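Note sheet for the following structure.
The values are calculated or read from the model by the stated rules, or taken from the named source; none is laboratory data. For clarity, every value in this text was computed on a predicted model and none was experimentally measured. Don't worry about glycine lacking a Cβ; one is built from the backbone with ideal geometry, like all the others, and counts go over all protein chains shown. Areas reflect the complete protein model, heavy atoms only, side chains present, ligands, DNA and RNA absent. Shrake-Rupley method; radii C 1.70, N 1.55, O 1.52, S 1.80 Å.
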Amino acid sequence: MPVFYSCSENLIFILNKCSKDKNIMQLLRLKNHMRACGLEVHPSLGHCLISVLMELGRVFYAHKVFERMPCRNESLWNSLIIGYFKQKEFLRILIIYKIIKEECLCLDGYTFVILLKTCALLKDMEIGHELHSHVSSMGLLESNAFVCSTLVDMYMKCGSIAKAQEVFDNLKVRDVVTWTALISGYADYGPSQKALDYLAQMQLEGVSPDYTTVVSTLKACSSIQATEKGCEIHAEVERKGLQNENLFIASCLIEMYAK
């Protein structure tokens with residue numbers, strides 16, 4: 001048993017090194033060796049192999065290893081979804097989600113974030129609604145700020161501003177991430193004045209804006225030529241030293257004044 005664990009640790013180390021070095025040829029040779037030795041379908045080794053194959057863009061091989069795994073648990077399904085997202089295989093992600101739903105498997109919060117982002121990219125409101133119900137039933141809207149903010153963002157990008165607002169209004173806890181999701185949505189899809197109104201409300205509730213919030217509100221100021229508000233934001237940016245730390249904020253300020 002100690003010998004196997006040593007072998008397992010060595011293989012995982014080599015797999016991770018292949019990923020770091022982007023050494024595809026060594027990875028494929030190692031995959032073939034693992035299959036010949038029957039190690040390809042070992043739970044931890046197979047999981048690591050699939051992740052590295054996905055990371056290096058060998059989606060076909062990763063899925064083949066996945067199909068040969070005798071026990072495909074939730075963690076393995078999560079890894080597959082994450083891998084397909086990195087490779088921008090968005091339609092396949094939603095197909096996998098339907099399988100997972102039929103098999104009543106559990107997903108973690110990070111995977112739900114990826115699924116919601118996929119719906120936003122594909123403008124798939126139907127599955128977006130399903131995911132909303134799913135995360136709500138799991139209590140993630142009370143415990144996971146990233147799921148909440150991604151849900152708001154998904155509705156905004158799918159053109160359902162009223163639904164995004166409803167989700168936000170029903171949140172029990174709002175942090176800078178969820179506030180920024182709403183503000184960014186209004187800055188991008190309008191009305192832009194709402195973005196500035198929610199910035200003020202956010203600050204009244206004691207939540208400080210972050211880099212993304214500043215960029216979104218500057219964009220809103222540009223859209224409606226709210227120069228006075230833009231100057232206030234500029235003064236706050238200078239006070240915090242953000243303009244010197246982030247050139248993108250500086251370019252947003254220039255664009256705002258130019259418009």
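Among the listed pairs K229/K259; K22/K157; K86/K172, those with a Cα-Cα distance over 24 Å are K22/K157; K86/K172.
For the residues I127, I14, I183, a GNM of the chain with alpha-carbon springs under 10 Å puts the largest fluctuation on I14. Scan segment 169-257 for GluC sites (Glu not before Pro) in coil per DSSP, keeping those whose Cβ has at most 13 other Cβ atoms within 10 Å, and list them by number. Counting only loop positions with at most 13 other Cβ atoms within 10 Å, the GluC sites (Glu not before Pro) in segment 169-257 are E205.
Tell me, how many Å apart are the Cα centres for segment 116-180 and for segment 198-234? The distance from the Cα centre of segment 116-180 to that of segment 198-234 comes to 22 Å. Under the classification rounded if a/c is under 1.5, otherwise prolate if a/b is larger than b/c and oblate if not, where does segment 35-110 fall, given a ≥ b ≥ c as square roots of the Cα gyration tensor eigenvalues? Because a/c hits 1.5 or more and a/b fails to exceed b/c, segment 35-110 counts as oblate. Between the helical axis of 43-55 and the longest alpha-carbon principal axis of the chain there is an angle of about 50 degrees. Once you have a ≥ b ≥ c as the square roots of the Cα gyration tensor eigenvalues for segment 181-255, tell me rounded if a/c is under 1.5, and otherwise prolate or oblate according to whether a/b is larger than b/c. Because a/c hits 1.5 or more and a/b fails to exceed b/c, segment 181-255 counts as oblate. Ranking Y84, Y211 by solvent-accessible area of protein heavy atoms (1.4 Å probe, all protein chains present), from largest to smallest, gives Y211, Y84.
Taking the protein heavy atoms of the chain in the context of the full set of protein chains, the accessible area attributed to carbon and sulfur is 55 percent at 1.4 Å. Each part reduced to its alpha carbon centroid, segment 11-69 and segment 77-91 end up 16 Å apart. Build a GNM of the chain with springs between Cα atoms under 10 Å apart, and of D124, D21, D175 the one that fluctuates most is D21. Working value for segment 214-259: equivalent-ellipsoid semi-axes of 16, 11, 8 Å, each the square root of 5 times a Cα gyration tensor eigenvalue, largest first. Over the chain, the pair-distance histogram of Cα-Cα distances with 10 Å bins from zero comes to 7, 25, 24, 21, 16, 7, 1, 0 percent, rounded to whole numbers. For the chain, the solvent-accessible area of protein heavy atoms averages 52 Å² per residue (probe radius 1.4 Å; ligands and nucleic acids excluded). Across N73, N246, N16, mean-square fluctuation computed from a Gaussian network of the chain (C-alpha pairs under 10 Å connected) peaks at N246. Against the main long axis of the alpha-carbon atoms of the chain, helix 145-157 sits at an angle near 70°.
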